[in-house]
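Working notes for the structure below.
The values are calculated or read from the model by the stated rules, or taken from the named source; none is laboratory data. All of these numbers come straight from a predicted model, not from anything done at the bench. Quick reminder, even Gly has a Cβ in these numbers, built from the backbone with ideal geometry, and neighbours come from all protein chains shown. Remember, those area values only see protein heavy atoms, side chains included, never the ligands or the DNA or RNA. Shrake-Rupley method; radii C 1.70, N 1.55, O 1.52, S 1.80 Å.
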Amino acid sequence: MHSKLTISQADPRPMYQQLMEQIRRRIAVGDWVPGQEIPSIRALAASTRVSVITIKRAYLELEREGLIVTRQGRGTFVADNVDLCRDLQTRELDEHLARAASIGAELGMSAEMLARRLREIAEKEDEKGR
Amino acid sequence: MTALLELDRVEKIYPYFALRDVSLTLEAGQIMGFVGPNGAGKSTTIRIAMGLVTHDSGSVRLAGYPMPAEQARAKRDVAFVSEDVGLHSFATVGWHIDWVSSLFPAWDERYAATLLRRFNLHPAKRIKALSHGERVKVLLLLALARRPRLLVLDEPTSGLDPVARHEVLAELMTVLEDERRGILFSSHNTQDVEQISDRIAFIDRGRVIDLSDKEVFLDRWRRLHVEVPDGAAVPQLPGVIDVDRSGRIATVTANGFSADIPAAFCSAGIVVHEVQRMTLEEIFVATVMASRKEQDA
């Protein structure tokens, strides 16, 4: 289980996001099961060769998403109540939407503008599907 | 807990170079990357920290001990790796291991044996028969097997091939499994620094020009590609350090990025086409350029 995560220099996403996605996938496919202890921040930093602060950030965000829990002095575990596949797919969708929202905000778009954009794109995809 | 290394307003004046007002702190459990162009003062700073060069003013504490006054005590807990730390070219790898292990009671024989295997080094080989990469690995082995609380490395990966670099970085990361230990390393390989550092200090022309958590560095900086319609002006915004305009297209560099910046551009009639994150290398170059522009002005 002491698995290696990998960082790609060619991936434009920040390193902590690359790590989050790989951890999510491990949980989604059931390699890491609910309640299971996952590597400590320092152990994962060593095996992935990525700074402690980066792993910390990935864990913190995954905790915020409710996917993992840290119990003081005992370690970090996959959350017990993750309703695996569905939940994770929804989460992945939310993550993409969150990214879209933040890019939108960076481009100065309002939520309404974003929603309109999304509707247009969804309609186009719909037409493609027919 | 005391810091592993504390430099407070350290100065050192040479005829043609001066280190000025250098302050930095390395806490236990962290890796600090020290990045600067050649001749920026990285090695001088590291040598002052190690007591190899005496500073003119300011204070230095290494492993909690004032330097250079208590360097003998400090150095029990600290290992220093630099290309010019001497290996005896006619002696063998094994001779060096015996010698260093006799000096340091904390020497970890099993770990030394593991490293010999991992680095593919042969005890019977003479130093002069080794490649540059192998020499670096010998120095690293001699430092790591002492299990020092602080490892100070001057350009540990320079001149190494990609495989050797990978091996060296992997070994450095295992040090940090113990949260009482720490590493300070200098490099101009920003990719290595970006990958393994928790804290990063930029140095140029004898001054620390920026120092912060890596994640903060990477989050703060953005490059924006914008279109400035005729008649519109690019507003001066806090957090923006450079606007490079040619025709209607401008590239904006921000070191204090927030969503307020593109919002302000939009309300000034400027179209924001793209917002990009920057690599540590790009951030480093932009920081050095901005600091020089300020100094020269």
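Observations on the structure shown:
- Translational diffusion coefficient (Stokes-Einstein; Kirkwood radius from C-alpha pairs) of the stretch B:258-297 at 25 °C, 0.890 mPa s, in µm²/s: 200
- Share antiparallel - DSSP beta bridges, the protein assembly as shown, percent rounded to 5: 70
- Bins of 10 Å from zero: percent of alpha-carbon pairs in the stretch A:1-102: 15, 51, 31, 3
- Radius, Kirkwood style, for the stretch B:1-131 when every pair of distinct Cα atoms is counted (Å): 16.9
- Among B:83, B:27, B:274, residue whose mean-square fluctuation peaks in a GNM of chain B (springs only between Cα atoms under 10 Å): B:274
- Summarising the label geometry, the points placed 7 Å from Cα in the beta-carbon direction at residue A:120 and residue B:2 lie 6.4 nm from one another.
- Note on the stretch B:1-88: with charges restricted to the Cβ of Lys and Arg (+1) and Asp and Glu (-1), its dipole about the Cα centre is near 80 debye.
- Chain B: radius of gyration over Cα atoms, expressed as a fraction of 2.2 N^0.38 Å: 1.17
- Shown in residue order for the stretch B:281-288 are the 3J(HN,Hα) couplings computed by the Karplus curve 6.51 cos²θ - 1.76 cosθ + 1.60 at θ = phi - 60°: 4, 5, 5, 4, 4, 4, 5, 4 Hz (x for Gly and Pro).
- Pairs from B:42/B:137; B:42/B:293; A:56/B:137; B:75/B:128 whose Cα-Cα separation, in the structure shown, is over 23 Å: A:56/B:137; B:75/B:128
- Computed FRET value (nearest 0.05) for residue A:74 with residue B:230, which takes r as the C-beta separation and R₀ as 60 Å: 0.40
- Hydrodynamic estimate: the Kirkwood radius of the stretch B:59-116 over Cα pairs, inserted into Stokes-Einstein at 25 °C and 0.890 mPa s, corresponds to D of 184 µm²/s.
- Label point distance in nm, residue A:9-residue B:296, each placed 7 Å from Cα along Cα→Cβ: 2.9
- The solvent-accessible area of residue B:209, taken with every protein chain present and a 1.4 Å probe, is close to 40 Å².
- Only Cα sites of the protein assembly as shown enter the Debye sum here, all with the same form factor; the resulting log10 I(q)/I(0) across q = 0.07, 0.10 1/Å is -0.43, -0.84, listed in q order.
- Whole-Hz couplings from phi, Karplus 6.51/-1.76/1.60, listed for the stretch B:235-249; x for Gly and Pro: x, 7, 10, x, x, 9, 9, 8, 10, 10, 10, 9, x, 8, 9
- Degrees, to the nearest 10: A:111-129 long Cα axis against longest axis of chain A: 80
- Semi-axis lengths, Å, the stretch B:186-226, gyration tensor of Cα atoms, sqrt of 5 times eigenvalues: 19, 14, 11
- Cα centre as origin, Lys/Arg/Asp/Glu Cβ charges: the stretch B:149-297 dipole, Debye: 420
- Pairwise label distance in nanometres, residue A:98 with residue B:120, each label 7 Å out on the Cα-Cβ vector: 4.3
- Residue B:104 accessible area, assembled protein chains, probe 1.4 Å, Å²: 50
- Loop-resident trypsin sites (Lys or Arg not before Pro) (DSSP state other than H, G, I, E or B) in the stretch B:156-204 with no more than 14 further Cβ atoms inside 10 Å of their Cβ: B:180.
- Charge dipole (the protein assembly as shown, unit charges on Cβ, about Cα centre) - positive-most of B:268, A:27, B:54: B:54
- Cα-Cα P(r), the stretch B:136-257, percent of pairs per 10 Å interval: 10, 32, 25, 17, 11, 5, 1
- Rel. contact order, % - alpha carbon contacts under 8 angstrom, at least six apart, the stretch A:2-130: 22
- Taking all protein chains as shown and a probe of 1.4 angstrom, residue B:293 keeps an accessible surface of around 130 Å².
- Counting, for every residue in A:106-116, the Cβ atoms of other protein chains within 10 Å of its Cβ and taking the mean gives 4.
- In terms of accessible area, using a 1.4 Å probe and ignoring ligands and nucleic acids, B:107, A:32 rank largest first as B:107, A:32.
- Alpha-carbon Rg with Dmax, taken over the stretch B:219-297, Å: 12.5, 35
- Dividing the summed -39500 (n - 2.57) terms of all DSSP H runs of n ≥ 4 by the residue count of the protein assembly as shown sets its mean residue ellipticity at 222 nm at -12500 deg cm²/dmol.
- Within a Gaussian network of chain B (alpha carbon springs, distance under 10 Å), most fluctuating of B:263, B:145, B:164: B:263
- Charge tally for residue A:77 (other residues, Cβ to Cβ under 9 Å; Lys, Arg +1; Asp, Glu -1): 0.
- The mean count of C-beta atoms from other chains within 10 Å of the C-beta of residues in A:49-59, rounded to a whole number, is 6.
- GNM top mover of B:251, B:45, B:190 - chain B, alpha-carbon springs below 10 Å: B:251
- Global geometry of the stretch B:123-162, whether rounded, prolate or oblate, following the gyration tensor of its Cα atoms and the 1.5 cut on a/c: oblate
- Per-residue shielding of B:193-205, expressed as the average number of other chain Cβ atoms within 10 Å of the residue Cβ, stands at 3.
- Note, ³J(HN,Hα) from phi for the stretch B:87-100, Karplus 6.51, -1.76, 1.60, rounded to Hz, x at Gly and Pro: 10, 7, 5, 8, 8, 8, 4, x, 4, 4, 5, 4, 5, 5
- Rg/Rg_ref, the stretch B:89-184, where Rg_ref = 2.2 N^0.38 Å and atoms are Cα: 1.03
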